[in-house]
Amino acid sequence: MLNHSLLVFTPAGQIIATNDLPVNFSNGTPTDALGQLCVDTASPVVVVLGGLGYTTSGALGAVTAAAAGVPHSGGLPVTDAGYLICEDLGVPVSWNGGIPCSADGRVCIDLASVPVINGFDNGFDNGFGI
């Protein structure tokens, strides 16, 4: 199961994802040093854990061309081989356990964005207006 609290998101609500190698692996969620979800759209899935497939690098196996459908892993769409079915730049219309999903149920990711890391952003970075 993906853990949404470990991920970073775009302002539009997509998960920021990368094809980089994971450096962290917590609760089945492979991420890089910036918190981007590590997905591999080119390599075969070699192990399936909890319904999700992982490649030899430890990244989550993902496809962006498949239509969403069954079976589901923790409510998320996966192929029979365990690849997470994603939509690059998909528009989130619902959230499943904090994971954004498009109208047809695919997980919404953004493979082009890089998260802005400036420490903790509490919405008051420019002061309290006093």
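Read-outs throughout are calculated quantities, based only on the coordinates presented, and are distinct from any laboratory measurement. All of these numbers come straight from a predicted model, not from anything done at the bench. Here Cβ is always computed from backbone atoms with ideal geometry, including for glycine, and neighbour counts include all displayed protein chains.
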Checklist entry - By how many nm would the segment from V114 to D80 lengthen if fully extended, with 0.36 nm per residue of separation less the alpha-carbon distance? => result 9.2 nm
Checklist entry - Based on DSSP, what percent of beta bridges with both residues in the chain are antiparallel, to the nearest 5? => result 60
Checklist entry - Using the per-residue mean of other Cβ atoms lying within 10 Å as a proxy for protection, in what order, highest first, do the peptides 37-48, 92-103 fall? => result 37-48, 92-103
Checklist outcome for this item: In this structure, the FRET efficiency calculated for F25 and D104 from their beta-carbon separation, with R0 = 22 Å, to the nearest 0.05, is 0.15
